[in-house]
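Note sheet for the following structure.
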Amino acid sequence: MPEPENPQPIPSTQERWINRNLVIRLFAYLVAGHLFAAFLYLLFMLGGQNQ
């Protein structure tokens, strides 16, 4: 009787690092994007008060 094939192979160490780095980079971009948006919002709010 042949052994059943494993449909989901165990990811290699390199693939896990790539996935981890992708998640870290995505999180960093989201945080940086929100900080930039908050800065722009603050600039517009402060600029609007001077009128």
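Values quoted throughout were computed directly from the atomic coordinates according to the rules given, and no laboratory measurement underlies them. These numbers were taken from a predicted model, which means no experiment stands behind them.
For Cα extents along the principal axes in Å, the listed values are (i) 35, 29, 10; (ii) 27, 20, 15; (iii) 83, 18, 6; which was obtained by calculation from the structure presented? Given (i) 35, 29, 10; (ii) 27, 20, 15; (iii) 83, 18, 6, the structure-derived one carries the label (iii).
Relative to the longest principal axis of the Cα atoms of the chain, the long axis of helix 13-48 lies at roughly 10 degrees.
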